[in-house]
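The block underneath contains the structure these notes are about, expressed in structure tokens.
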Amino acid sequence: MSAITEALVREKLSTVKYPGFSRDIVSFGLVKAVSVSGGDVVVQLSLATSDPRVPQTIKDDSEVALAQLAGVGRVTVRIDIQAPAQTSPAAGGAPMAASAIPGVKHVIAVASGKGGVGKSTVAANLAVALQKNGAAVGLCDCDLYGPSIGLMFGTNERPMATEENRIIPIERADLKLMSMGFLLDDAAPAILRGPMVTKYTQQFLRQVEWGALDYLVLDLPPGTGDIQLTIVQTVALAGVVIVTTPQEVALIDARKAATMFSKVNVPILGLIENMSYFLCPSDGQRYDIFGSGGGAREAARLKVPLLGHVPIDIATREAGDRGLPVTAANPTNAVAREFLQIAQNLATGLAD
Ligand code: ADP
């Protein structure tokens, strides 16, 4: 019979998934130490959560997995739980632990259940609106596979680094901008997979030199995958804003996203309903293309605020394609005014 080795233990532990996610506990870096003495195995895990069910499930699953090792004796799984980071009381509780970004007061993630609902458009305009309301704001595009912030602000400039090898954000429209797209070659996202994505994302988030900011807006990739989990594990978020369109298919996915963030204790700051309605420039009529009231119903169901309704607007699409979000290009436009209001609603919800 072959002896139990540390490598065998790690291999077994890599079959244990983080509850609710497809990624395993080894590739997430939760396994801090393994020691083997004869058949006895001691595993030390470390994770950050305020939900007691998460470590318990991981401990149980790890013990079951390790018990399958041939010749195993006593199995001890210890979990070191780090205290969740504190957030403002107004944000409604503590998010999953992760470190604060030095100098940044509030990190707000913008998420969506599915692609194409206007998440990046909302993230960009929200960042501009927060800045126009008087705050120092950064915007970070975390969508490794489809970065769009560079396009929306008309830049693909390669950022410079400090002598300490920290990345200096690009400045546009009075915002500090950073995108994973600024650093990657076009072919790179295709080869970055699995644990490499986690490592790259963590490193990226920790290496940007943001300086003093009131708000850092993170444009997350769509959906509820491993990148989102990595981000909430890495950065202490004030909360997440979920973007949806009013139709039922989008709302179902928005609900899934909300469930994921609640599971990892990230406060949901509210929903934004995008492409809510169309105001026809020729007849002045309002057309509810995707139906009406969906966002409000979902927000009520989730017991979170509906932060605003953003209409479908040709100028908004054109401004995004031209390289300056509409809130910066034309602050009196109806969409821009809605974003200024949303930014104000958000800011009052987040204490200093
Ligand atoms: P996502 O980030 O969810 O994939 P984007 O923000 O890239 O979506 O938006 C997808 C497309 O829809 C873009 O061309 C964008 O300009 C357009 N768009 C988003 N919101 C609006 C809106 N309110 N009115 C008009 N066009 C919009």
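Coordinate-derived values only; no laboratory data. Keep in mind that this is a model prediction, so the values were computed, not measured. Note that we place each Cβ from the backbone using ideal geometry, even for glycine, and neighbour counts take in every protein chain shown.
Of the peptides 31-44, 283-296, the ranking by mean beta-carbon count within 10 Å, highest at the top, reads 31-44, 283-296. Ranked from largest, the principal axis spans of the Cα set of region 6-82 equal 35, 22, 18 Å. As a proxy for reagent exposure, Glu273, Glu298 were ordered by neighbouring Cβ count within 10 angstrom, fewest first; the result is Glu298, Glu273.
Hey, what number do you get for the chain at 222 nm if only DSSP H runs of n ≥ 4 count, each worth -39500 (n - 2.57), divided across all residues, to the nearest 500?
Details: 13 runs with 125 residues, N = 352.
Here the helix-only value at 222 nm equals -10500 deg cm²/dmol.
Only bridges with both residues in the chain count here: give the DSSP antiparallel percent, nearest 5.
The answer is about 25 percent antiparallel.
Among Met196, Met275, which comes first, then next, by fewest other beta-carbon atoms within 10 Å? Walk me through the numbers before you get to the answer.
Working: Met196 11, Met275 23.
Sorted ascending by nearby Cβ count, the order is Met196, Met275.
Whole-Å semi-axes of region 220-352's equivalent ellipsoid, largest first, each the root of 5 times a Cα gyration tensor eigenvalue? Can you show the working numbers first?
Values: eigenvalues 141, 63, 41 Å².
Those come to 27, 18, 14 Å.
Evaluated with a Cβ-only charge set (Lys, Arg +1; Asp, Glu -1), the chain carries a dipole of roughly 640 debye about its Cα centre, given to the nearest 20. Footprinting exposure proxy ranking of Cys140, Cys280, fewest other C-beta atoms within 10 angstrom first, gives Cys280, Cys140. Using the Karplus relation 6.51 cos²θ - 1.76 cosθ + 1.60 with θ = phi - 60°, the per-residue 3J(HN,Hα) values for region 110-115 come to 10, 10, 8, x, 9, x Hz, with x marking Gly and Pro. Restricting the GluC sites (Glu not before Pro) of region 111-190 to loop positions (DSSP other than H, G, I, E, B) with no more than 15 neighbouring Cβ atoms within 10 Å leaves Glu157, Glu163, Glu164.
In region 89-351, one over the average inverse separation of all distinct C-alpha pairs is 18.3 Å, which is the Kirkwood hydrodynamic radius.
Report the relative contact order of region 89-351, percent, no decimals, based on alpha-carbon pairs under 8 angstrom and at least 6 residues apart.
Details: 561 pairs, mean separation 77.2, N = 263.
About 29 percent, as a whole number.
The rule of thumb for compact globular proteins, 2.2 N^0.38 Å, goes into the C-alpha radius of gyration of region 117-181 1.12 times. Each residue of region 33-38 is assigned a 3J(HN,Hα), and the resulting list reads 7, 9, 10, 10, 9, x Hz, derived from the Karplus form 6.51 cos²θ - 1.76 cosθ + 1.60 (θ = phi - 60°), x at Gly and Pro.
Listed here are the pairs Lys114/Lys303; Lys132/Lys256; Lys59/Lys303; Lys114/Lys263; Lys105/Lys256; which of them are more than 30 Å apart at the Cα?
Numbers: Lys114/Lys303 21 Å; Lys132/Lys256 32 Å; Lys59/Lys303 32 Å; Lys114/Lys263 19 Å; Lys105/Lys256 28 Å.
From Lys114/Lys303; Lys132/Lys256; Lys59/Lys303; Lys114/Lys263; Lys105/Lys256, over 30 Å: Lys132/Lys256; Lys59/Lys303.
Toward the positive end of the charge dipole of the chain, with +1 on the Cβ of Lys and Arg and -1 on the Cβ of Asp and Glu, the farthest Cα among Thr201, Asn330, Leu151 is that of Thr201.
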